[in-house]
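Student: Here you go, one structure.
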Amino acid sequence: MTAKNCMKKIIIIVVVFLFFTRPASAAIFSFDAPANQIRPGDEFNIDLMLDTEKQEINAVEAKILFPLGILELKQISDGNSLINMWAQKPEFSKDASEQVGVVSLAGIIPGGYNGYLGKRKIISLNFKAKNNGVSSVLITEAKALLNDGLGTAAPVTSTNWQFSISADAPASSVGGVLAKDQERPESFVIYPAKDVGIFDGKWFVVFSTQDKKSGIDYYEVAEDKTNVGVDYAKLNWHRAASPYVLSDQSLGEYVYVKAVDNQGNEKVSVLFPAKIKSDYKVYLFWGIILFIPVSLLIRRKICRRKKITNQD
């Protein structure tokens, strides 16, 4: 074998090796956080971020763990989140030992996201440093699904955040509290739907919106026979989630949905009745009954006048 042929074979082997051993694209969960040196009493924000590495992702799931002995969770915000719809809205709980705080979440991205805008925020966490110590905020049970119509699991990696709390930490090392939000949540539409395989075939409504700053805290729903305009205080509101089964299955009532963000700002949308109420049908019936004789009487009078005029 000539030296030239030998070199060609070596190059081919190296290229094949590099092709098959290159790192596979993975959805990367990480934190955007302040400097890892914090003073007791400081409040600071860390953001859970997702880098899809150009993969088309349409669903994510994760848990965030942190030490309750030295950190206090003040607020969770999904403002300006990549997630458009929550299968499990981010919520706080404690593990069995009650020493570890847990934030669980599962979200959907309709249409998918392929990373064309780079790394994006999923949620923000606002913490207060309580006591001196060294620890980490961990990402566990992280999952991401490809937007391939099959729910294929994407490879996932995650990067945790390590920190220390000490009186010797620099005073300017952290970012403070979440920004003040005085804006209402975004406008949204209420969609009625019905399916034999869902809620025993009953009518229900679907709704969702976003709040760019502090995030949506909860929704309330009210059903009423009348259009109250903007006097929403008259309504009998109660907490609800989407999808929501309607009490009035005739679709004859107004459906009001209120979105409330984490700083109390509200946005209300209205779904108008889809059918005429039976009361209106009764009024319409009697209106027709009364209209016929009245119209005949008027017509008779007009004919008499014409007859008198012709005789003159």
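The values are calculated or read from the model by the stated rules, or taken from the named source; none is laboratory data. Worth saying up front: this structure is predicted, and the values here are computed from it rather than measured. Cβ atoms come from the backbone with ideal geometry, glycine included; neighbour counts cover every protein chain shown. Ligands, DNA and RNA are excluded from the accessible area calculation, which covers all protein heavy atoms including side chains. Shrake-Rupley method; radii C 1.70, N 1.55, O 1.52, S 1.80 Å.
Student: Which order do peptides 192-198, 102-108 fall in by mean Cβ count within 10 Å, highest first?
Tutor: Packing proxy ranking, top to bottom: 102-108, 192-198.
Student: For residue 180 and residue 106 in one chain, what is 0.36 nm times their gap in residues minus the Cα-Cα distance, to one decimal in nm?
Tutor: Length gained between residue 180 and residue 106: 24.0 nm.
Student: Further question: Using 0.36 nm per residue, how much length does the chain from residue 85 to residue 238 gain when fully extended, once their Cα-Cα distance is taken away?
Tutor: 53.0 nm
Student: If the limit is 20 Å between Cα atoms, which of 74/143; 225/258; 94/121; 180/213; 74/213 go over it?
Tutor: Working: 74/143 26 Å; 225/258 17 Å; 94/121 24 Å; 180/213 8 Å; 74/213 16 Å.
Violating the 20 Å Cα-Cα cut-off are 74/143; 94/121.
Student: What is the extension gain from residue 128 to residue 93, computed as 0.36 nm multiplied by their sequence separation minus the C-alpha to C-alpha distance, in nm to one decimal?
Tutor: Working: separation 35, 0.36 × 35 = 12.60 nm, distance 1.67 nm.
My answer for the length gained is 10.9 nm.
Student: At 1.4 Å probe size, with every protein chain present, just tell me what the per residue accessible area of region 186-252 comes to in Å².
Tutor: Value returned for region 186-252: 58 Å² of accessible area per residue.
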